[in-house]
1. If one puts a single equal scatterer on every Cα of the range 26-197 and applies the Debye formula without solvent, what log₁₀ I(q)/I(0) results at q = 0.08, 0.13, 0.17 Å⁻¹?
2. Quick check: residue separation of residue 63 and residue 187 times 0.36 nm, minus the Cα distance between them. What number comes out in nm?
3. To check my understanding: the extent here is largest minus smallest coordinate of the Cα atoms along each principal axis. What are those three numbers for the range 34-97, in Å, largest first?
4. Can you figure out the FRET efficiency of residue 119 with residue 153, using R₀ = 22 Å and their beta-carbon distance, to the nearest 0.05?
5. Based on the mean of other beta carbon atoms within 10 Å per residue, what is the order of 179-188, 80-89, most packed first?
6. By how many nm would the segment from residue 85 to residue 170 lengthen if fully extended, with 0.36 nm per residue of separation less the alpha-carbon distance?
């Protein structure tokens with residue numbers, strides 16, 4: 001179920017102006033923020049750091065949500081975990097790339113989990129050298145604080161790749177395959193993938209080993 005459908009309109013309106021912490025948005029549980037505009041390293045030195053893990057996961061979304069039906073969207077979800085040189089804390093970055101331009105599906109929003117109990121500050125990257133062309137316009141955090149839902153204004157069509165959008169956290173520890181990312185189309189179909197997360201309360205079976213800086217992951221590739 002989409003996070004945006006689980007939080008009432010009154011709550012969204014009441015929390016529509018989340019607190020800003022520097023050039024990023026400090027998003028507390030149940031809060032919504034619109035008008036995300038992007039950020040560069042020069043605006044916030046805390047963003048600069050070393051990549052701890054790059055994961056590429058190919059996915060397909062089918063008509064009616066059933067595998068075997070006509071594909072509506074094919075692409076790759078990239079998850080990059082970066083440790084800040086300044087604080088040692090982790091930023092979880094996400095990006096949609098390599099869409100199949102022959103298909104007509106449009107991504108409306110992407111939910112990412114694993115954040116319960118942590119501070120999350122959100123935005124997207126918009127340096128001239130950053131890959132992709134579209135960043136999310138808004139974000140909402142569910143009542144538990146576990147799930148962040150990033151929405152694309154007008155949708156992300158197969159002609160476009162997304163910018164890196166991210167959640168900065170106040171933790172320096174993360175767990176392998178401890179969370180879920182769900183990608184939704186405007187037509188309602190979706191697909192869910194296992195991703196690394198910050199929340200040790202929801203580890204996947206057999207995924208309790210901490211990932212170290214040397215434990216880089218690369219899962220790839222359909223094309």
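1. Treating every Cα as an identical point scatterer, log10 I(q)/I(0) equals -0.22, -0.59, -1.03.
2. Numbers: separation 124, 0.36 × 124 = 44.64 nm, distance 0.89 nm.
Difference between extended and current length: 43.8 nm.
3. Largest first, the range 34-97 extends 48, 29, 14 Å along its Cα principal axes.
4. Details: r = 26 Å, r/R0 = 1.16.
The pair residue 119/residue 153 has a calculated efficiency of 0.30.
5. Numbers: 179-188: 19.4, 80-89: 16.8.
My ranking of the peptides, most packed first, is 179-188, 80-89.
6. Working: separation 85, 0.36 × 85 = 30.60 nm, distance 1.35 nm.
Stretched fully, the residue 85-residue 170 segment lengthens by 29.3 nm.
Each reported figure results from applying straightforward, stated rules to the coordinates on display, with no laboratory input. All values derive from a computational prediction rather than experimental measurement. As a convention, Cβ positions derive from the backbone with ideal geometry for all residues, glycine included, and neighbour counts pool all protein chains shown.
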